[in-house]
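Accompanying notes for the structure given below.
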Amino acid sequence: RTAALRRGAEIAYRVLGADVAAGANRIAEDDTMEVVAVVGGRTEAPNGLVVGPQEGLGGQAAVLRRTAAVADYCLSRAITHDFDHAVRAEGLHAVMAAPIVRAHRLYGLLYAARRSAVPWTDGDRTALLGLARQTAVAMEVADSAREMAEVAVFSERQRLAIRLHDSVGATLFSLRVAL
């Protein structure tokens with residue numbers, strides 16, 4: 001999942017000409033997110049940020065399940081200002097967030113930000129949403145691969161347990177007969 005988020009952030013950084021791009025992973029049923037992949041950052045401020053539902057721009061995008069953008073994050077009246085310290089530390093102004101959704105399931109958020117107050121266009125919003133959809137597919141594949149690996153490990157443990165049980169049982173029977 002983290003690799004998929006990092007790749008999505010790298011592509012957003014490059015395609016949108018963003019100064020910073022980031023991916024956040026959904027960590028709780030209430031749609032709380034944690035920023036786990038940052039590209040282009042000057043500081044560590046965004047890494048590890050926990051974004052609750054309706055907190056900041058990302059929380060708004062998660063709850064509304066649509067792309068949200070502001071031309072100047074710290075001056076915007078459309079969002080809460082829970083993360084102004086991190087945004088100021090990075091020198092960011094124009095910020096955009098898109099929900100990573102597939103089949104009505106929220107996987108996380110994809111962010112793009114500029115250090116200038118140049119507003120995001122409708123084309124930028126559409127591009128970030130498209131990248132978020134592609135990232136959702138990659139995250140879904142990662143989840144499936146993890147589940148398949150867990151099943152394979154469980155099956156192997158069962159096979160070894162049965163083999164051990166059979167061989168130890170036979171050895172104990174032989175010892176009992178010999179005694």
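Extension gain for residue 158 to residue 75 (0.36 nm times residue separation, less C-alpha to C-alpha distance): 24.0 nm. Split the chain at each of the GluC sites (Glu not before Pro) in a DSSP loop with at most 11 other beta carbon atoms within 10 Å, and the longest piece is 45-179. For the stretch 75-92, putting each phi into the Karplus relation 6.51 cos²θ - 1.76 cosθ + 1.60 with θ = phi - 60° gives couplings of 9, 5, 9, 8, 9, 7, 10, 5, 10, 4, 4, 5, 5, 5, 4, 8, x, 8 Hz, in residue order, rounded to whole numbers and with x for Gly and Pro. Projecting label points 7 angstrom from Cα along Cα→Cβ for residue 115 and residue 43 puts them 1.3 nm apart. Of 76, 116, 167, the residue with the greatest mean-square motion in the GNM of the chain, using alpha carbon springs below 10 Å, is 167. Solvent exposure of the stretch 1-129 amounts to 46 Å² per residue of accessible area, where only protein heavy atoms count and the probe is 1.4 Å. Taking a ≥ b ≥ c as the square roots of the eigenvalues of the Cα gyration tensor, the stretch 35-105 is classed as oblate, since a/c reaches at least 1.5 and a/b does not exceed b/c.
For the stretch 1-78, the orientation-averaged shadow of the C-alpha convex hull comes to 5.3 nm² (one quarter of the hull surface). With distances taken between every two different alpha-carbon atoms, the chain has a Kirkwood hydrodynamic radius of 17.9 Å. Rolling a 1.4 angstrom probe over the chain with all protein chains present gives an accessible area of which 58% lies on carbon and sulfur atoms. Dividing the convex hull volume of the alpha-carbon atoms in the stretch 92-133 by its residue count gives 56 Å³ per residue. Considering only 168, 87, 38, the Gaussian network model of the chain with Cα springs below 10 Å gives its largest mean-square fluctuation to 168.
The values are calculated or read from the model by the stated rules, or taken from the named source; none is laboratory data. Here the structure is a predicted model, which is why all the values come from computation and not from measurement. Backbone-built Cβ (ideal geometry, glycine too); neighbour counts: all protein chains shown. For accessibility, only protein heavy atoms count, side chains too; no ligands or nucleic acids. Shrake-Rupley method; radii C 1.70, N 1.55, O 1.52, S 1.80 Å.
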